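Read the structure below first, then the notes.
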Amino acid sequence: MQFFNLKIQSIMKKKKEQSPNNLPEKTYKLGRACLYCGEPIEDQARATKTHCSRWIDKFGVIHDCKRKKHKLKTQPQEDILLDFAARQRETHRQILKVLTAHGDYVSTEILDAYNIILADNLGFSFNSGIAVAEFLGFKILSNSKLKTHKIEPHHE
Ligand SMILES: [Zn+2]
């Protein structure tokens, strides 16, 4: 029994001594840092490592600098798309108002008054003097000479 205990102790001791030696010591001479939070990155990390490793804190929150940085980069483009979508929906609402108040055949003044901008279309074509601007649910056929516009349903 005595011998067995000694043996265990000896193994435990060895393990304790071994584990720190198995890991290469971290150094920070290269001065690399996380591109998102600025936390230093050890020189021993692979060359392509540009962000902290993903980790989970005691509250279970996942910290992922690579993903956060990526999100930050793509944010402005997402905003442009959201603005574009919002503008299209707004134009759609304005066209509905024009149809209710003025019918489907209107002047440029009416379009201007309702802030319907033909250049903000989703698609545009020009056919024998008639410009066709496509919007959500509608297309507007414009006669630039007469300055008149015909609103038609547009389903695609
Ligand atoms: Zn980081």
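Return only the number of the condition from (1) modelled with pLDDT of 95 or more; (2) surrounded by 15 or more Cβ atoms within 10 Å (Cβ to Cβ); (3) assigned to a helix (DSSP H, G or I) that LYS66 does not satisfy.
(1)
If you scan region 48-59, which residues turn out to be at pLDDT below 90 and loosely packed, with under 10 Cβ neighbours inside 10 Å?
Result: ASP57, LYS58, PHE59.
Yes or no: region 113-120 includes at least one residue that is over 19 Å from GLY137 (Cβ atoms) and out of contact with any Lys or Arg (no Cβ under 9 Å at 6 or more places or on another chain). Steps first, please.
The initial filter retains those residues of region 113-120 that are over 19 Å from GLY137 (Cβ atoms), namely 113.
Of the ones still in play, those that are also out of contact with any Lys or Arg (no Cβ under 9 Å at 6 or more places or on another chain) are 113.
Yes, region 113-120 contains at least one residue that is over 19 Å from GLY137 (Cβ atoms) and out of contact with any Lys or Arg (no Cβ under 9 Å at 6 or more places or on another chain).
Against the definition (among the polar types (S, T, N, Q), exposed (fewer than 13 other Cβ atoms within 10 Å of the Cβ), farther than 30 Å from HIS51 by Cα and not assigned by TED's automatic domain parsing to the domain that holds CYS52), how does SER142 come out, yes or no? I'd like the intermediate steps shown before the answer.
On the way: among the polar types (S, T, N, Q): yes; exposed (fewer than 13 other Cβ atoms within 10 Å of the Cβ): no; farther than 30 Å from HIS51 by Cα: yes; not assigned by TED's automatic domain parsing to the domain that holds CYS52: yes.
Answer is no for this residue.
Yes/no matrix, rows are residues, columns are (1) closer than 20 Å to ARG89 by Cα; (2) under 37 Å from the mean Cα position of the chain (by Cα):
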site	(1), (2)
LEU122	yes, yes
PHE126	no, yes
GLU134	yes, yes
SER144	no, no
PRO153	yes, yes
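Would you mention how many residues in region 27-55 are β-branched (Val, Ile, Thr) and either under 16 Å from the mean Cα position of the chain (by Cα) or within 14 Å of the ligand (Cβ to nearest atom) (or both)? Before you say what the answer is, go through the steps one by one.
To start, the set of residues in region 27-55 that are β-branched (Val, Ile, Thr) comprises 27, 41, 48, 50.
From the residues that got through so far, the ones that are either under 16 Å from the mean Cα position of the chain (by Cα) or within 14 Å of the ligand (Cβ to nearest atom) (or both) too are 41, 50.
Number satisfying all stated conditions: 2.
Please work out which one of (1) touching a Pro at 6+ places or on another chain (Cβ under 8 Å); (2) away from the ligand (no atom under 16 Å from the Cβ); (3) not β-branched (Val, Ile, Thr) is the condition ASN121 fails and give its number.
With (1) touching a Pro at 6+ places or on another chain (Cβ under 8 Å); (2) away from the ligand (no atom under 16 Å from the Cβ); (3) not β-branched (Val, Ile, Thr) applied to ASN121, the lone miss is (1).
The values are calculated or read from the model by the stated rules, or taken from the named source; none is laboratory data. From a predicted model like this one, the values you see are computed outputs, not experimental measurements. When we count neighbours, we look across all protein chains shown, and the Cβ atoms used for this are built from the backbone with ideal geometry, even at glycine.
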